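Right, one structure below, let's go through it.
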Amino acid sequence: MASKSKSVLILVVVLRLLTLGLLAVSIVLLYLDKFTLSGDTKISFKDVIAYRYVIATGIIGFLYMLVQIPFAVYHASKGKRLIRNRCLPEFDFFGDKVIIHFCYLLCFNGMHLSILWK
């Protein structure tokens, strides 16, 4: 039972690191992305409000992962939580729910923009 619990905690750390990396890549790609419409009009993320929202959502998710990773690493290495009251598990639960909805909206807006500007 202990090894299964330890492997789940390590998987949480790995998934949080993967999420952090993917959010960083998406922020960089969106920031550097420029495209040309008909008539040689160049558009970047600064010209479309939805792009700003998508980048802001990515930055919020990135910062949230930066806050969560040290707690997850400590929990995986020591087997116990850094803060032992109900505050941290509730922060994990509700924070993850909020970030999931932000990332869902990020994906939806990014997909909508890519279809809209085809």
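Which whole-Hz ³J(HN,Hα) couplings does the stretch 58-70 yield from phi under the Karplus relation 6.51 cos²θ - 1.76 cosθ + 1.60, θ = phi - 60°, glycine and proline marked x?
Ordered by residue, 3J(HN,Hα) equals x, 5, 4, x, 4, 5, 5, 5, 4, 6, 7, 4, x Hz.
Assuming R0 = 30 Å, what is the FRET efficiency of THR41 and HIS101, from their Cβ-Cβ distance, to the nearest 0.05?
On the way: r = 33 Å, r/R0 = 1.11.
Computed FRET efficiency for THR41 and HIS101 comes out at 0.35.
How much net charge surrounds VAL98 when only the other residues with a Cβ under 13 Å from the Cβ of VAL98 are counted, with Lys and Arg +1 and Asp and Glu -1?
Numbers: positive: LYS97; negative: GLU90, ASP92, ASP96.
With Lys, Arg at +1 and Asp, Glu at -1, the neighbours total -2.
Once the other residues with Cβ under 15 Å from the Cβ of TYR51 are scored (Lys, Arg +1; Asp, Glu -1), what is the net sum?
Details: positive: LYS34, LYS42, LYS46, ARG52; negative: ASP33, ASP47.
Once positives and negatives cancel, what remains is +2.
Rounded to the nearest 500 deg cm²/dmol, what is the calculated helix-only ellipticity per residue at 222 nm for the chain, with -39500 (n - 2.57) per DSSP H run of length n ≥ 4? Display every interim value, and only then the final one.
Numbers: 3 runs with 91 residues, N = 118.
Counting only the DSSP helices, I get -28000 deg cm²/dmol.
With the crude spin-label approximation of a point 7 Å out along Cα→Cβ, what separation in nm comes out for LYS80 versus TYR31?
Here the answer is 4.1 nm between the modelled labels.
May I ask you to give the percent of accessible area on the chain that is carbon plus sulfur, with a probe radius of 1.4 Å?
The nonpolar share, carbon plus sulfur, comes to 72 percent.
Might you tell me the accessible area per residue for the chain, computed with a 1.4 Å probe and given in Å²? Mind showing how you got there, number by number?
On the way: 8250 Å² over 118 residues.
Accessible surface, normalised per residue, equals 70 Å².
The values are calculated or read from the model by the stated rules, or taken from the named source; none is laboratory data. Here the structure is a predicted model, which is why all the values come from computation and not from measurement. Don't worry about glycine lacking a Cβ; one is built from the backbone with ideal geometry, like all the others, and counts go over all protein chains shown. The protein model used for the area step is the full one, side chains on, heavy atoms only, and it has no ligands, DNA or RNA in it. Shrake-Rupley method; radii C 1.70, N 1.55, O 1.52, S 1.80 Å.
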